[in-house]
Every structure is written in C-alpha cells, then in structure tokens.
1. Among the residues of the stretch 211-225, write down those that are in contact (Cβ under 8 Å) with a residue 60 or more places away in the chain and more than 22 Å from Asn13 (Cβ to Cβ).
2. For residues that are open to solvent by less than 20 Å² (accessible area, probe 1.4 Å) and assigned to a helix (DSSP H, G or I), scanning just the stretch 412-422, find the one that is nearest to Ile373 (Cα to Cα).
3. Go through the stretch 98-117 and give me each residue that's part of a loop (DSSP other than H, G, I, E, B), modelled with pLDDT of 65 or more and among the aliphatic types (A, V, I, L, M).
4. Mind checking which residues of the stretch 394-426 are modelled with pLDDT of 85 or more and over 18 Å from Val364 (Cβ atoms)?
5. State whether the residues of the stretch 262-276 include one that is farther than 30 Å from Asp394 by Cα and of a type in the set (Val, Ile, Thr).
6. Are any residues in the stretch 206-231 surrounded by 11 or more Cβ atoms within 10 Å (Cβ to Cβ) and either farther than 30 Å from Arg274 by Cβ or touching a helix residue (DSSP H, G or I) at 6+ places or on another chain (Cβ under 7 Å) (or both), and if so, which ones?
7. Going by the structure shown, is Asp325 on the phi < 0 side of the Ramachandran plot, in contact with a strand residue (DSSP E or B) (Cβ under 7 Å, 6 or more places away or on another chain), at pLDDT 90 or above and open to solvent by 40 Å² or more (accessible area, probe 1.4 Å)?
8. If a residue must be under 54 Å from the mean Cα position of the chain (by Cα) and either at pLDDT 80 or above or open to solvent by less than 90 Å² (accessible area, probe 1.4 Å) (or both), how many such residues does the stretch 118-142 contain?
Amino acid sequence: MFKKLRNRFLIVNLVSISIMMLVAFATIYTITYQNVQRETNMELYKMSDFYHGPYNSSKMLRGEDGGMGTDSGTGSNSGSLPSDAMGGDNGRPWGDPNSPPARSVSFMIKTDDQWKVTDTHSQFDMEDTFYTEALQKVDQNKVGDSERQTGQFTLDGTDWAYVVDPSGDGHMIVFIDVTAQQGILTNLIYTFVVVGLIMLIVIYFLSRYFANRSIAPVREAFEKQKQFIGDASHELKTPLAIINTNADVLLANQEDTIANQAKWLHYIKSETERMTGLTNDLLYLTQMDDSRSTMIHAKFNMSDAVESIILPMEAVIFEKNISLDYNIEPNLTVHGNSEQIKQVILILLDNAVKYSGPKGSVNVTLQKQNNDIVLAVSNTGEGIAPEHLDRIFDRFYRTDSSRARKHGGHGLGLAIARSIVDQHKGELYARSVVGEGATFYVRLS
C-alpha cells in the first residue's frame, strides 16, 4: 500500500515538474525566437533601405544600368571585400561606398513584375544559377503589391532570410545569411532537451528520497494504529471474557441467593471497573490530542505541585515496606497546566512504587538545571532493558504484560504522561540499568 502511495507521489511530482519545465522552456524559446526574428527583420529592412537609397543613387550618378549581371558578383562589384573586412562608415568595406551596411553575408536580386531577374548585387562572387535557385525559394504567392513580405529558407546547407520589397515595375528581394542565428535556436532546443532529461533524472531520485522520508511517519503511524487496535482489543477481551463467564455462572444458579452469588458479582464489578478505567484513559488521550491548542497554561509553583503528590503517597509507600526519599528545591516555577503536571508526577511515582523491588526504595528530586526545571523519579528493581526504553511510552506497550496486569496497569500511564509533557513542550525520557532500577526524567522550561 505504501509502495503504491510512494509511486503515485512520484508520478504526480514528475508530471507536475515536467509540465512546468516545458512551459518554462517554451517561454524562453519563444522569447529568444522572437528576439532573433526581430533583429533579423531589422537588418533586412536596413539592407532594403540601403538598396533603395545610396546604392541606387550611386548607380545613377555613375550611369550604370540595371541589367542582369551589371552589378552582380561577376560584374563591377566582383572584387569587393568580404564582410569581415568591414571598417568604413556605416559598416561598409573600406573604399567601397556601394557596399551594404551588413553584419553578415548578403545579396540582392531585382526582378520585373513577372519575377524575371533584372539586376543582382553581392559582395562575393556568386553564380547566376545560385540567384535563380534563391529566387525560386521565395514564396511569390504571399507577396503583395505594397507591403514588405519576409521569409526564410535553406539552400545548400545555409539558412537565408529574405524581404521582398515591391517597387513600381517589379520586386527587390534582399537576402542575408542567418545560419548562425538558426544555429543558436537549434542549440537552444538541444540544450533544453539535455538539461531537461538530466533534471528529470535528478528530480526523480530526489523525489524518491523525500517521498520515502515523507511516507515513513505515515507508515509508522499506521503500524502504531494497527498495534493500538490489537492491544486495545486484547485489553478488552480479557475482562469481557471474565464478565461473560461469571454471568453464565449466575444464570446457571438462578434459584440461589444474591449472598451466595456475591463472589461472581464482585468479579463482574472488578472487571467492569477495569474496563471503565481503560475507557477513561483512552478518552483522555483522545481529548489531549484534540485540545493541544486550547489548554489554558499559567505560571505555577512546581515545587508545591510535587510535594502535594508525594505527601499523600507516603502512607501507601510505607505500607508496602518501600523507603521514600525526596529532595525538592523550593520555589521553582514553570509555565503550564498545574493539574496535568500533577498527573504526570502521580503516574511516575505510582509506577516507581509498583515496580520497585521488595524492600526497595523510591527517590524523587526536583532541581533547576541551567534554564530548565528537571524532575527525576527513580526506583530500585529489575530495571528496563535498553530495547524497551524507547517504546515504553507507546500506548499499551509493556515489557512484561503478565506482570503489568498483576499490578493493574493498562500500559497507558506513560503514554498519557508523554502526551502531557509534549503539550508543555518539555521532554520525558528514561534511563535504566538492568537489575538495579530505572529513573524517569521530566524536563520543563
């Protein structure tokens, strides 16, 4: 059951994180793509404006015509410098006023209204077939009569962006090399995929680790609940069986007098009282769990509280032939509920007396240690084995069930004491040496 719960937690966690990563990556890619497209279009428009402006004016001043190849890579500009030789004003090559202010490889094609090439211009030597193939890649169907139309295509492994600028008697198409920009976008996708896979693997193992840690308390609580139900059923089973047996005896002797049947009635009453005490303890524990934030706490004298429990117990302890020693430091105060703290003291003192050896001794001390008030209740006796020290505060847990039942215990006293101390943000723990005795400590601020 817990394995399925963990797997569901992992699936939900991974799906949620994957969706968030995809949204984040898509957002980053979209923004980057739009920035690249905007910069590409700006450069295309600058190139187009150049060919409409200084380039055409220069050709008119020089008296050059616009026929096919007159200004192409094989014509007057075939000897112009490559783009990495830029150095003059506006980014043009030195000594070439007709070169466009481009930051990348570019060329221009002019056509008539039938899309036949009438003029070309490039900074590099390019064959006429290259211009023809480039022109065929242009989406001519989307070109309007007055608006600029942009697009992209791949030719011979190179990515090109173009802008079609309609003119009065045809079209002017400017092309620039955008292979580097497209490479950035492609590398961005590959980076996202690799980083995403690595992050999912790391997140899977982290989620599995934290899922196991998160489920551990749930599993522990579930196991304790199962044990609690089993222990409670076992505690109730014995008195119910005794009551049922004694009731059968009474029913079998209906003609007998009550005086003669008093023994069976006393057994029934005794087990009923035992069940009542068990039920009251369980209800008290439930109330403690439900009212942790509603209990009224105030400052009270801890020294007086301890003495008020010890003094009435002295006669009982004396009758059991057990010696009692106590050392109470006066006027020690704590913040909490005095009645609940008294109940803790009574539980610890009662357990110390019950489980003290024959002619044993019980010792109670209350003193201040640093900023804390520490109550210690110790006794002589068999002690508690190390494997039981951490579990004796669990509900119904007893190191020796038959011996505990002989003393009339239910295994709830220490659980109630721990619940009260936890509510006061204190600490309750035990130390013991087997064969010598045990000491219970209550530390309150």
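The values are calculated or read from the model by the stated rules, or taken from the named source; none is laboratory data. Just so it is clear, the model here is predicted, and its values are computed rather than measured. Methodologically, a virtual Cβ is constructed for each residue, glycine included, from the backbone with ideal geometry; neighbour enumeration extends over all protein chains shown. Calculation scope for accessible area: heavy atoms of the full protein, side chains included, ligands and nucleic acids excluded. Shrake-Rupley method; radii C 1.70, N 1.55, O 1.52, S 1.80 Å.
1. Correct list: Lys224 only.
2. Our first condition is that a residue be open to solvent by less than 20 Å² (accessible area, probe 1.4 Å); within the stretch 412-422, this holds for 412, 415-417, 419-421.
Okay, now just the ones that are also assigned to a helix (DSSP H, G or I), so 415-417, 419-421.
On the way: Ala415: 21, Ile416: 20, Ala417: 16, Ser419: 18, Ile420: 16, Val421: 13 Å.
Taking the candidates together, the pick is Val421.
3. Here is the first cut: in the stretch 98-117, the ones part of a loop (DSSP other than H, G, I, E, B) are 98-105, 113-116.
Of the ones still in play, those that are also modelled with pLDDT of 65 or more are 105, 113-116.
Val105, the sole residue that qualifies.
4. Ala415, Ile416, Arg418, Ser419, Asp422, Gln423, His424, Lys425
5. In the first step, residues of the stretch 262-276 are kept if they are farther than 30 Å from Asp394 by Cα; the result is 262-266.
Next, from what is left, pick out any that are of a type in the set (Val, Ile, Thr): none.
No, the stretch 262-276 has no match at all.
6. Leu206, Ser207, Arg208, Phe210, Ala211, Asn212, Ser214, Ile215, Ala216, Val218, Arg219
7. Values: on the phi < 0 side of the Ramachandran plot: yes; in contact with a strand residue (DSSP E or B) (Cβ under 7 Å, 6 or more places away or on another chain): yes; at pLDDT 90 or above: yes; open to solvent by 40 Å² or more (accessible area, probe 1.4 Å): yes.
So Asp325 passes the test.
8. Taking the stretch 118-142 first, the residues under 54 Å from the mean Cα position of the chain (by Cα) are 137-139, 142.
Cutting the leftovers down to either at pLDDT 80 or above or open to solvent by less than 90 Å² (accessible area, probe 1.4 Å) (or both) gives us 137-139.
So the answer is 3.
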